[in-house]
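These notes are about the structure you will find just below.
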Amino acid sequence: MSQVLIVKRSEWNPWSESVLVQTMDGDPLAGIEAIKADVDRGDSQLFVCFLDGAPVSAYVLRVEQKTHGLEGVIVLAAGRLPGENLISGVLPFVLEQLSFCQAVRVHTNRPGLVKRLTQEFGFHVGETVLRKFK
């Protein structure tokens with residue numbers, strides 16, 4: 001990355017909400033309000049990425065206690081990095097933030113993202129979830 005990406009923890013804000021809600025389009029039952037409530041309570045944390053002082057992406061992280069350790073969860077992530085791929089530009093920051101966890105989990109319905117995460121970042125498919133809507 002030729003420019004410096006700065007990542008800052010943030011309070012919930014209209015810009016981040018407008019970016020993150022776009023990733024929820026594939027789930028008609030999900031609501032951004034629940035994510036906002038988690039961030040407001042401190043159960044999840046919102047981070048905003050800045051490039052040249054302007055916000056370009058946002059993501060929400062949560063840490064869950066499991067029987068044998070901590071699991072970091074990438075709850076939502078969205079945005080655009082001009083001239084760069086968002087995954088390659090931001091995921092290393094996320095993985096560093098969650099480096100104290102024994103595992104990192106991400107949910108997605110994007111086959112291309114599954115392929116990139118497994119081939120380039122060492123993730124593996126832990127389960128497949130199927131849904132039928134009425």
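With charges only on Cβ, +1 for K and R and -1 for D and E, what is the dipole size of region 5-73 about its Cα centre, in debye, rounded to 20?
Charge dipole of region 5-73: 220 debye, to the nearest 20.
Specify whether the C-alpha gyration tensor of region 5-121 places it in the rounded, prolate or oblate class, a ≥ b ≥ c being the square roots of the eigenvalues: rounded for a/c under 1.5, otherwise prolate if a/b is larger than b/c and oblate if not.
Here region 5-121 falls in the rounded category.
Within 10 Å, count the other beta carbons around each residue, average over each peptide in 55-61, 43-49, 77-83, 4-10, and list them highest first.
55-61, 43-49, 77-83, 4-10
Roughly what % of DSSP beta bridges within the chain run antiparallel, to the nearest 5?
The answer is about 85 percent antiparallel.
What lysines does residue 115 reach when the alpha-carbon gap must be under 22 Å and sequence neighbours fewer than 8 apart in one chain are set aside?
Those lysines meeting the cut-off do not exist here.
Once fully extended, how much extra length lies between residue 88 and residue 109, figured as 0.36 nm per residue of separation less the alpha-carbon to alpha-carbon distance?
Using 0.36 nm per residue and subtracting the Cα-Cα distance, I get 5.7 nm.
If one computes the Cα centroid of region 1-34 and of region 49-70, what distance in Å separates the two points?
10 Å
Can you tell me, using C-alpha contacts under 8 Å and at least 6 residues apart, the relative contact order of the chain as a whole percent?
Over the chain, the number comes to 20 percent.
Please give every one of the lysines within straight-line cross-link reach of residue 8, meaning a C-alpha to C-alpha distance under 21 Å, and leave out same-chain neighbours fewer than 8 residues apart.
Of all the lysines, those that pass the test against residue 8 - Cα under 21 Å, at least 8 places apart if same chain - are 36.
Along the Cα-to-C-beta direction of residue 54, a point sits 7 Å from the Cα; which residues of region 17-36 have their amide N less than 19 Å from that point?
Only 17-20 fall inside the zone, counting backbone N under 19 Å.
Which FRET efficiency value, to the nearest 0.05, do you get for residue 6 and residue 124 by plugging their Cβ-Cβ distance into 1/(1 + (r/R0)^6) with R0 = 25 Å?
Efficiency computed from Cβ-Cβ geometry: 0.20.
Cα gyration tensor of region 67-134, axes a ≥ b ≥ c as square roots of the eigenvalues: rounded (a/c below 1.5), prolate (a/b > b/c) or oblate?
Oblate, since a/c reaches 1.5 and b/c is not below a/b.
Values in this text are rule-based calculations from the coordinates and carry no lab data. The model shown is predicted, which means the values in this text are computed figures rather than measured ones. So basically every Cβ, Gly included, is an ideal-geometry build from the backbone, and we count neighbours across all protein chains shown.
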